[in-house]
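Input: a single structure, listed below in structure tokens.
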Amino acid sequence: MASYNPQQLTWNSAHTINREGKYCYCGHDRRLDELSLQCKGCQNWFHASCVQVALGPVVPFITNYKFLCKVCVVKPTGKNQQNQEPKEPGSLPEFFERVTAGWKEICATTIANLVIQEYLKETGNYQGSGPSKEPSEENMLSVNADYMNWNEYQYHFNKKDHILPYVDRHWKALCTDRSRTQTWWATLGSCLYISKDVFAAADEQARSASSDFCLVKSNLWNVKPGHISSHPSSSSKSHSNKLPREGKRKVNPVTGGQEDQGSKKTTHTKSEKKSRGSAFSNNRRPATPPIVSQTSYIPLPNTVVPTKGGENLAHFSTSNEHPYNRHRFKYVTCELDPLLQYMVYRQTANPILSGVRLCREDMSPYMLIDEECMTITTEKGFRMVRANCGVREGKWFYEVTIDRGGEQRFEGRDGAHVRLGWARRE
């Protein structure tokens, strides 16, 4: 299909540009300011103008798509590929499908197009010809990619003045399978503010949703499907920074054993310790309380009065702090003081942790919860109950029993409807 041999091309590590400057069926170079699609099979790039399949509303630097060229679309796939009849390349059109766009991809595509617009505006001041370190239109070709200094031309854009107007104009091309809600601009702003692994603010000390942002990875030649998901998150960065520190070992030449480099003693003055301790206390975040072992206990501040027979309930887990609490409320399990009932409350001892339960202290009113905190009952209205702790791994489920609902219309009004849902942190 191609006028050249794709196997003889020299690609970069990201497989986005090659040294020969040959792409697509035509063998011409690709431009940065024009849309090119990467094939999922051969990883080659194809011009949007050379593709026969309908693409719909598109803009450059989109990443939420699946594309197969004419050569890869006829290749047998799946488990029964041996029984499939081979087809000639070109007998079928290309395969192109848009997938749901995340807000990270939407913002990154928008900023990438805004960068090209600002860069092309500066090319009017260039008086020479050919590629140059200065802004030149010839630098839009991949063969001149080395002339682009992405760190020098790192433009910042504001949400209100630049990003929102661009997304509003190209909504169908950017926001695939997304409905335009009344608060979409707020969701976009929070995405810019939270995604520190993708977007960098001009002033990180005063970072907010209204700050000026740019891309952390400024090289636009490497924008491809999966480019945003390959960014390391802030949590993975912090975890990777801790691993070498804990894993470093040095062999003692005298004893032959391993010595931990982190166990070296250093002397500090009292003022240094005090300043470091105050800085740590101001910057630390509320953490999930440690798991209490079965042998440990927390003494109660008041006098303990033995309970009557039959009042002992099954142990259930209650976390003092919720890891993703918006207002950072702290929930402490309390009980009535037997000496001064209905006047004084005292903190109860932490029970043995025994799995995920429903939280008594964090549920909507007018809900009935059983003694084991495993079943909740409600009637009418929208109600919500949280678990006692977050779940990151493993398998878990919940069952819902509907006693009444789905009745037919009565006296011009609809019958009872039931809405069920669950929420998780992205």
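The values are calculated or read from the model by the stated rules, or taken from the named source; none is laboratory data. Here the structure is a predicted model, which means the values were calculated and not measured. With ideal geometry, Cβ positions are generated from the backbone for all residues, glycine too; neighbour counts draw on all protein chains shown.
Please go through segment 158-177 and give me each residue that is farther than 15 Å from Ile62 by Cα and either aromatic (Phe, Trp, Tyr) or not in a helix (DSSP H, G or I) (or both), ordered by number.
Within segment 158-177, just Asn158 meets the criteria.
Please go through segment 105-115 and pick out each residue that is in contact with a Leu (Cβ under 9 Å, 6 or more places away or on another chain) and either surrounded by fewer than 19 Cβ atoms within 10 Å (Cβ to Cβ) or among the charged types (D, E, K, R) (or both).
Of everything in segment 105-115, just one residue is in contact with a Leu (Cβ under 9 Å, 6 or more places away or on another chain) and either surrounded by fewer than 19 Cβ atoms within 10 Å (Cβ to Cβ) or among the charged types (D, E, K, R) (or both), namely Glu105.
Can you tell me which of Ser229, Ser210, Ser218, Ser179 is under 22 Å from the mean Cα position of the chain (by Cα), modelled with pLDDT under 90 and outside the structural domain of Glu105 (by TED's automatic domain parsing)?
Ser229
When you look at Glu85, is it modelled with pLDDT under 90, surrounded by fewer than 19 Cβ atoms within 10 Å (Cβ to Cβ) and in contact with a Gly (Cβ under 6 Å, 6 or more places away or on another chain), yes or no?
Considered against the rule, which asks whether it is modelled with pLDDT under 90, surrounded by fewer than 19 Cβ atoms within 10 Å (Cβ to Cβ) and in contact with a Gly (Cβ under 6 Å, 6 or more places away or on another chain), Glu85 comes out as no.
Residues are listed down the side, and each one gets a yes or a no for (1) polar (S, T, N, Q); (2) surrounded by 18 or more Cβ atoms within 10 Å (Cβ to Cβ):
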residue	(1), (2)
Val143	no, no
Asp146	no, no
Lys160	no, no
Ile163	no, yes
Ala173	no, yes
Thr176	yes, yes
Arg180	no, no
Ala186	no, no
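Taking Lys196 as the residue in question, decide whether it is assigned to a loop (DSSP other than H, G, I, E, B), closer than 24 Å to Gln43 by Cα and at pLDDT 85 or above.
No, not satisfied.
Looking only at segment 378-418, which residues are polar (S, T, N, Q) and either surrounded by 10 or more Cβ atoms within 10 Å (Cβ to Cβ) or modelled with pLDDT of 75 or more (or both)?
Selection gives Thr378, Asn388, Thr401.
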